[in-house]
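Read-outs throughout are calculated quantities, based only on the coordinates presented, and are distinct from any laboratory measurement. Not measured: the values here are computed from a predicted model. Methodologically, a virtual Cβ is constructed for each residue, glycine included, from the backbone with ideal geometry; neighbour enumeration extends over all protein chains shown.
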Amino acid sequence: MSLSNKVLLITGAGGGLGGTAALALAGQGAQIILLDKSIPKLEKIYDAIAAAGGPEPVMYPFDLAGASEAQYEEMAEAIAQRYGALHGVLHAAVEFSAYSPIANYKTKDWGHALNVNLSAPFLLCRVLLPLLQRSEHASIVFISDSSARKVQAYSGAYGVAKIALEGFAGILAAELEAGQKIRVNTLVPGPVNSPLRKRAYPAEDKTALPSMSSLDPLYVYLFSDASIGKTGQIIDAQTFKP
């Protein structure tokens, strides 16, 4: 499933799942726009893609929580000027520190988590939709969490954001379905040996968990032409067969 000539933007590209996805997608020939607030992390994944022989990626340092609406629009304009169109967006950025009771949340922390996990995906979709519409077919993929369906205690702002994100993805998919150009799906990775998992369950034996690269075939499938026509789906990586 070649991704040659496809331009894909990945948020949280310096993180665990985002970085792994960037490597997998670049490995299939995609031109990757790496978006993250940490320049050292961007440089690390940039070097990894280059070392693996993938197309030279583009680094775009960007603070999803701190950026203004105008800065989001400037980012979209920069992509438009360089590429003309966009073929996909992977929303892999995440803000999570630890499980905590609602009663212990500080207002600032609550707002920051919602900004990164929910408001940023909305803003990105809004400014990037015109670019995605320029492609014959495009794919938007949100990464969620099983806590969204379990309504898990102590998941706090992170859990609330994931519940809302799945609803947002469903609404967006329904609005775009008639145009048959942009498909929108939500990927639930399940337990994998990721940095987020380590923060959430520090005492767990991670060696028994699947690696982050076990998700590679799903990333490739969701951004390749093989998934055209599949939209509005919540995809459980533990059970889904492309």
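How much net charge surrounds Q71 when only the other residues with a Cβ under 13 Å from the Cβ of Q71 are counted, with Lys and Arg +1 and Asp and Glu -1? Cβ neighbours under 13 Å give a net charge of -4. Apply the a/c threshold of 1.5 to the C-alpha gyration tensor of the stretch 62-152 and tell me whether it is rounded, prolate or oblate. It comes out oblate by the Cα gyration axes. Dividing the convex hull volume of the alpha-carbon atoms in the stretch 150-242 by its residue count gives 106 Å³ per residue. From helices alone, the chain scores -12500 deg cm²/dmol at 222 nm; the rule is -39500 (n - 2.57) for each run of n ≥ 4 DSSP H residues, then divide by the residue total.
In the chain, taking the dipole from charged Cβ atoms about the Cα centre, the farthest positive-side position among F96, A67, G156 is held by G156.
May I ask for the net charge around R126, where only other residues with Cβ less than 13 Å from the Cβ of R126 are counted and Lys, Arg are +1 while Asp, Glu are -1? Computed value for this residue: -3. Given a 10 angstrom Cα cut-off, can you work out which residue in T231, T207, T186 is the most mobile in a GNM of the chain? Comparing T231, T207, T186 in a Gaussian network model of the chain, the most mobile one is T207.
Annotation: peptides 166-174, 101-109, 20-28, ranked by per-residue average of other Cβ atoms within 10 Å with the highest first, follow the order 20-28, 166-174, 101-109.
Close amide H partners of L187, meaning residues 5 or more places away or on another chain with modelled amide H under 5 Å apart, are F142, I143, S144, I235. Computed from Cα positions, the angle between helix 69-83 and the longest principal axis of the chain comes to roughly 40 degrees. Around the Cα centre of the stretch 105-242, unit charges on the Cβ atoms of Lys, Arg, Asp and Glu (plus for the first two, minus for the last two) sum to a dipole of about 300 debye. Dipole magnitude for the chain: about 440 debye, using +1 per Lys or Arg Cβ and -1 per Asp or Glu Cβ, origin at the Cα centre.
Calculated over the stretch 84-242, the projected area of the Cα convex hull averaged across directions stands at 9.8 nm². About its Cα centre, the stretch 1-99 has a charge dipole of approximately 340 debye under the convention of +1 per Lys or Arg Cβ and -1 per Asp or Glu Cβ, with nothing else charged.
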